[in-house]
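Notes for the one structure printed next.
The values are calculated or read from the model by the stated rules, or taken from the named source; none is laboratory data. Just so we're clear, the structure is a prediction, and the values are computed from it rather than from any experiment. Every residue, glycine as well, gets a Cβ built from its backbone with ideal geometry; the counts of neighbours run over all protein chains shown. Please note that ligands, DNA and RNA were not included when accessible areas were found on the heavy atoms of the full protein model with its side chains. Shrake-Rupley method; radii C 1.70, N 1.55, O 1.52, S 1.80 Å.
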Amino acid sequence: MKGEKIHNRIAVLREERNLSRKDLADRVGVNFQTIGYLERGEYNPSLDLAMDLSAVFGLPIELVFSRQPMKPLSEELINLTNKR
Amino acid sequence: MKRSLSLTSRRTAILTNLLSYPVMVWLIALAPFSQPLNGVAIGLSVGLFAATMLYLFYKTDLWIFANAPDDQLDERQNVVRNYAYRYAYILISTLIMLLLVYLMLVVDTGGWRPKLPMPFTTFFWIISSLILSLPSIILAWMEPEI
């Protein structure tokens, strides 16, 4: 059974931290091509890999991965601030 | 050193490789063993097969990808490989079943069969080679980037 698409912010977060695909791949223990597949949304990661990636970015998993298309992080932060 | 091949080159090599099987059978059927041309015919078709295999798998990760232990691949590579093995299994088992049905009909009804010098040896090598190479070939056909 093919799962529903999981959207992510890996490409943006990786660029922000000046990491190459290879650097990120080495940190989470996957092949660098797998990072490309994740960024293009062609592969849904396991929970284990999703948690490892979130840990590298130092963000909660729900800010990196989502079932819905991702909004810009700035918009997300405004929503969070408004909720408080 | 690792070579990387474009998807078009890989698919061309795969089609040539698969085409070399019927060419091999056709050439062997054309030139009986007693004729000196037979050696050349077999040599040409086996050469075509070997050249495409070398082109596809020499210094690329394709063969390793299909045959490495699970822990040497990441989770996506394992998923892709499982998919390739599943399709290879379906293709090979269908091919073997069709061959068995054909042989059953030929034996029972005396239908047409190719006049090959060593039919069982020929089919043994073709099926064995397909069993060994098909998972890697499916991977080479599917993977957008290697």
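So, in the range A:30-84, exactly how many residues are among the polar types (S, T, N, Q), farther than 22 Å from B:Phe65 by Cβ and surrounded by fewer than 14 Cβ atoms within 10 Å (Cβ to Cβ)?
So the count comes out to 5.
Which residue is farthest from the other protein chains (Cβ to nearest Cβ), if the candidates are limited to the range B:58-78 and must be free of Cβ contacts under 8 Å to residues at least 12 places away in the same chain and open to solvent by 80 Å² or more (accessible area, probe 1.4 Å)? In this case the residue turns out to be B:Asp70.
Counting only residues that are within 14 Å of chain A (Cβ to nearest Cβ) and of a type in the set (Ser, Thr, Tyr), the range B:79-118 holds 1 of them.
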